[in-house]
Amino acid sequence: MTEHRPPGPQDHSGFWLDLPEHRAWLAVDAKRQFTFFKNSLQNENGFATLDHSGAPLSDTTQELHTTTRLVHSYALGQIWGHVDADKIVDHGMAYLNSHHRDPIHGGYLWAMRGDDIVDDRKLAYGHMFVLLAASTAKIAGHPDADALLADVTGVLDQHFWEDDAGLYSDEMNRDWTPFSTYRGMNANMHGVEAHLSAFEATGNEVYLNRAGRILDFFTKKIAPQNNWRLPEHYTEAWDVDRSYAGDPMFRPAGTTPGHSFELGRLLLQHWDLCGRPSSDAPTTARQLIERALQDAWRADGGFAYTLKFGGDIDIASRFWWPIAEAIGAVAVLIKLDRNHVDEIWYRRLWSFADAHFIDHERGGWFPEVDENSQITSTIFAGKPDIYHSLQACLFPLAGEVSRMAMKLNVQPITS
């Protein structure tokens, strides 16, 4: 297969992160994404999910992670100077309070359709994205961000945090009674992301310390015990549950290499925010990221979605988000150490994304390619959201390892 490449001197022997042509190319794709997803505002009761052309899908169900990811992403756009990004942020912040927030029991409901509750579960995963949205909105200067940040922090502390384990439980009924003993990595991984953002927004070290405790469990205990792979599912006692197989979108069996990219990057961001103390964090992060690159990259390009515990491919489907997360992780490795092996991966990742996932005409990334590398949708409807693909552009543009919202090193978008 002949790979496409993002514009820039093709014979350049250095690093794409340093090239003005590559950085401009990243900014153009980010702009296309912001322009495409602003059509989400067509739904007056929340946000519409968009099909490949940008038209709203007929299903008007509004899930908590979609609302919050749009708030977070467009708050980044607002900080960066994208015109009208504040309208998405305002709309999403208002909808979180008027619809997702439970006026009876507190916390945030998973899914709404208009004024009707479709799914009243209270999920730690969704609440982590509320914390992320509130934190980025605060950095962007939104007047309601402090109240949202305080509210969701209190909910997480009261109902999900397990101090003995240093981890968050996963799922509750609407009235905060537990409906399972399931424990998962995904909610905790996004908890690290949200807590680091909250620390950046507030300076409150409780957020930084809790992120560190979560990272310690997965990177110092679980990863070394599993050959630097990260099992997804756990029992109530936080033992690996190797028999678990749940929802194929959010809880597939085995390990999910895309999450190793995310957790590796987050470990480096935490280490950076702690002042880069003498520790094995850079080595550990590299082991997580390199293991996932080696295990999951397919011979025909792109990452297999899930692996068995020994590293063999389980679900071979190729989605957009693992390659987006790998780009962010490898970009951070390059920022710390100009390693040419990392550069080979960085170029390979962007070349595949450019050729197969990026919609250059309309904006946004397609969610999946089939065995013939053609666009398909087996799990995700339309273009699910802007969050992963936008950050794939912005992490390389950010001037430092952490504090992306404050360190976007590029001229603001003005149109």
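FYI, it's all coordinate maths here, none of it is from the lab. What you see is a predicted model, and the numbers here were worked out from it, not measured in a lab. As a convention, Cβ positions derive from the backbone with ideal geometry for all residues, glycine included, and neighbour counts pool all protein chains shown.
At 18 Å minimum axial length over the Cα atoms and a Kyte-Doolittle cut of -0.5, report the qualifying DSSP H helices in the chain, or say none.
TM-like helix candidates: 20-37, 64-80, 124-139, 185-202, 257-273, 281-296, 320-336.
Let me check the size of the range 195-340 from its C-alpha atoms; what are the radius of gyration and Dmax in Å?
Rg then Dmax for the range 195-340, in Å: 15.4, 46.
Which of rounded, prolate, oblate describes the range 312-415, given a ≥ b ≥ c as roots of the alpha-carbon gyration tensor eigenvalues and a/c under 1.5 marking rounded, otherwise prolate only if a/b is larger than b/c?
oblate
Take the chain, connect every pair of alpha-carbon atoms lying under 10 Å apart with a spring to form a Gaussian network, then pick out the residue of 102, 354, 337 with the largest mean-square fluctuation.
In the Gaussian network model the winner is 337.
Given charges of +1 on the Cβ of Lys and Arg and -1 on the Cβ of Asp and Glu, with all other atoms neutral, how large is the dipole of the chain about its Cα centre, in debye to the nearest 20?
Once rounded to the nearest 20, the dipole reads 820 debye.
Using 0.36 nm per residue, how much length does the chain from residue 87 to residue 361 gain when fully extended, once their Cα-Cα distance is taken away?
Contour length minus the Cα-Cα distance gives 96.2 nm.
Rounded to the nearest 0.05, what FRET efficiency do residue 173 and residue 28 give with R0 = 41 Å and r taken as the Cβ-Cβ distance? Could you check?
0.35
Give me the extension gain from residue 276 to residue 205: residue separation times 0.36 nm, minus the current Cα-Cα distance, reported in nm with one decimal.
Gain on extension, residue 276 to residue 205, equals 24.0 nm.
Please compute, for the alpha-carbon atoms of the chain, the extent along each of the three principal axes and give them in descending order in Å.
Projected onto its principal axes, the Cα set of the chain covers 61, 49, 43 Å.
Could you let me know the centre-to-centre spacing of the range 57-98 and the range 357-406, using Cα atoms, in angstrom?
One Cα centre to the other: 17 Å.
What shape does the range 23-155 take by its C-alpha gyration tensor, where a ≥ b ≥ c are the square roots of the eigenvalues and a/c under 1.5 counts as rounded, a/b above b/c as prolate, and the rest as oblate?
Oblate.
With the crude spin-label approximation of a point 7 Å out along Cα→Cβ, what separation in nm comes out for residue 45 versus residue 336?
4.6
May I ask for the equivalent-ellipsoid semi-axes of the range 84-230, computed as the square root of five times each C-alpha gyration tensor eigenvalue and listed largest first in whole Å?
26, 20, 13
For residue 406, what is the net charge nearby, where nearby means another residue's Cβ is under 10 Å from its Cβ and Lys, Arg count +1, Asp, Glu -1?
Result for the neighbourhood of residue 406: 0.
For the pair residue 243 and residue 120, how long in nm is the line joining their label points, each one 7 Å along Cα→Cβ?
3.2
For the range 55-117, just say rounded, prolate or oblate: build the C-alpha gyration tensor, square-root its eigenvalues into a ≥ b ≥ c, call rounded for a/c under 1.5, and beyond that prolate if a/b exceeds b/c, oblate if not.
Cα axes put the range 55-117 in the oblate bin.
Using the beta-carbon distance between residue 236 and residue 98 and R0 = 60 Å, what value does 1/(1 + (r/R0)^6) give for FRET efficiency, to the nearest 0.05?
Between residue 236 and residue 98 the formula returns 0.95.
Given the Cα-Cα distance of residue 221 and residue 150 and 0.36 nm per residue of separation, how much length would full extension add, in nm?
22.4 nm
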